1. Could you please let me know if Glu244 is more than 21 Å from Leu160 (Cβ to Cβ), loosely packed, with under 15 Cβ neighbours inside 10 Å and not β-branched (Val, Ile, Thr)?
2. Identify the residue in segment 147-190 that is polar (S, T, N, Q) and under 20 Å from Leu62 (Cα atoms) and, among all such residues, is surrounded by the most Cβ atoms within 10 Å (Cβ to Cβ).
3. Are there helices (runs of 4 or more DSSP H) fully within segment 333-439 with at least 3 residues that are crowded, with 22+ Cβ neighbours inside 10 Å? List them.
4. Among the residues of segment 191-241, what is the count of those that are open to solvent by less than 50 Å² (accessible area, probe 1.4 Å), polar (S, T, N, Q) and over 19 Å from the mean Cα position of the chain (by Cα)?
5. Taking the condition of being of a type in the set (Gly, Ala, Ser) and more than 23 Å from Gly179 (Cβ to Cβ), how many residues in segment 20-57 meet it?
6. Would you check which residues across segment 121-146 are open to solvent by less than 30 Å² (accessible area, probe 1.4 Å) and either in a loop (DSSP other than H, G, I, E, B) or aliphatic (A, V, I, L, M) (or both) and list them?
7. I'm checking my understanding of the structure. Among residues of segment 103-118 that are open to solvent by 80 Å² or more (accessible area, probe 1.4 Å) and assigned to a loop (DSSP other than H, G, I, E, B), which one is farthest from Tyr177 (Cα to Cα)?
8. Name the residues in segment 30-57 that are open to solvent by 10 Å² or more (accessible area, probe 1.4 Å), in contact with a Leu (Cβ under 8 Å, 6 or more places away or on another chain) and farther than 22 Å from Met89 by Cβ, would you?
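The values are calculated or read from the model by the stated rules, or taken from the named source; none is laboratory data. Predicted, not measured: the structure shown is a model, and the values here were computed from it. Methodologically, a virtual Cβ is constructed for each residue, glycine included, from the backbone with ideal geometry; neighbour enumeration extends over all protein chains shown. All accessible areas refer to the heavy atoms of the entire protein, side chains included, with ligands and DNA or RNA removed. Shrake-Rupley method; radii C 1.70, N 1.55, O 1.52, S 1.80 Å.
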Amino acid sequence: MTFHERELIEYVLDQRWYGAKSRSVAHAQVLDSVELRAADPELGIALVEMRYDTGAHDIYQLLYAVRDGELQIDGLGEPQLARELVSAMRSGLTLQGTEGIAEFAPIEGCAGLGRELLDVRPVGTEQSNTSVVFDDELILKAFRRLEPGINPELEMLRFLTRHDFANIAPLGGWYAYSGGPLSATLGILQQYVSGGLDGWELALDEIGERSDAFLERLRRLGEVTGEMHTVLASDSTDPAFAPETPSVEALGLLTATVDEEIERVFVDIPDDDERLEPIAGRGEEVREQLRLLTHAGTAGMTIRTHGDYHLGQTMLADRGWVILDFEGEPARPMSQRRLKRSPLRDVAGMLRSFSYAAAGSGILRGAPPPEEWEDRARATFMDGYFETVDTALLPPGDEATRKLLSIFELEKAIYELRYELNNRPDWVAIPVAGIARLLESNGGS
């Protein structure tokens, strides 16, 4: 299959999932292609390298279609191509490319995988990947920017499905590439959560008018989160998931990484910005709090975690809360996203999400939350969490747990501050308030 380089570059640069928009592309080429269908329309997978003028490069997955001799550079919106990928998983095919192979695998017992798929519709809201829904029963996610190794979403879903964790969209199959350029996960198939309500949107809809009802929902979400962490820590025979005691060196490395983030954020804080006044000049206080992470004896265990946990990664369905998107933070390299971490890091992400929901209810819905709603939300979620989590994973004692949790919240709020300064100036007050509150609660001046 022949792609014209200039057309290829222009197409990829124009996509929402293209992740290097600030870089100048010097060259693009197809590294390998795998044919899914030889007859018209010809369908296949292409691995495309985008090489930048700095010498760095990324590899992207394209799914092409050729109909009546006309090349559609990326044809996942073509229903026949989407069906072909699922059919290959159903049959467990291995297809030979020019340099490597594409392997397709089903999960035994996946509902909907064994029958003809009729309605096919793309999900148009995703930023970094592309998803297609079949008959409101199955959803296919194709990963676009590829990194070597197993994608954490496949790894996590496979583990949670195998260990019967009920609060996910179960894995139905996957496909992967191995060979010349790299070995990487290309996509996954899951059961589709039909009629589910997005957790973030649900929070915004209910905080203003049905705040008590939403608090009860949060108690159950806390229980589900504790159950998820307990399951993720349940298999000591699997090296990728067995719980570990963090070393002083590992915690020191994390502290050093966060130190760099603090340096970047606080150096850039404008002196005359009134919104930032509560935290101006307090970078060293933040550092002192985060250095407490080096006390390994109070850190509990590290396990595989969700890695990017907030209300937007949840849905409320007829069967209860469903947790989604186990890829981890997309800006982090794959190797970092697969690291074991304290489960309290997930908890901190969700608690910070409550701060955003409380503010967003006023900003986006014109319905500020009742007084002290955020404090009640935090307490309710944590009550549910402590009821179900294996407490052996946590630091010994309530005070040590609270301290470590606040440190992870502080780390998250610093990340948020940097993001908001660069992207949403009107939301800067949210992380500023969080940083100031955490410094005060931890004994800051």
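1. Judged against the criteria, Glu244 is not a match.
2. Within segment 147-190, the match that is surrounded by the most Cβ atoms within 10 Å (Cβ to Cβ) is Asn151.
3. Passing ranges, in order: 344-365, 373-388, 398-423.
4. 2
5. Applying the first criterion (of a type in the set (Gly, Ala, Ser)) to segment 20-57 yields 20, 22, 24, 26, 28, 33, 38-39, 44, 46, 55-56.
In the following step, the residues that additionally are more than 23 Å from Gly179 (Cβ to Cβ) were identified as 20, 22, 24, 26, 39, 55.
Going through segment 20-57 one residue at a time, the tally reaches 6.
6. Scanning segment 121-146 gives Val132, Val133, Leu138, Leu140, Ala142, Arg144, Leu146.
7. Here the answer is Leu118.
8. Within segment 30-57, Val30, Leu31, Glu49 meet the criteria.
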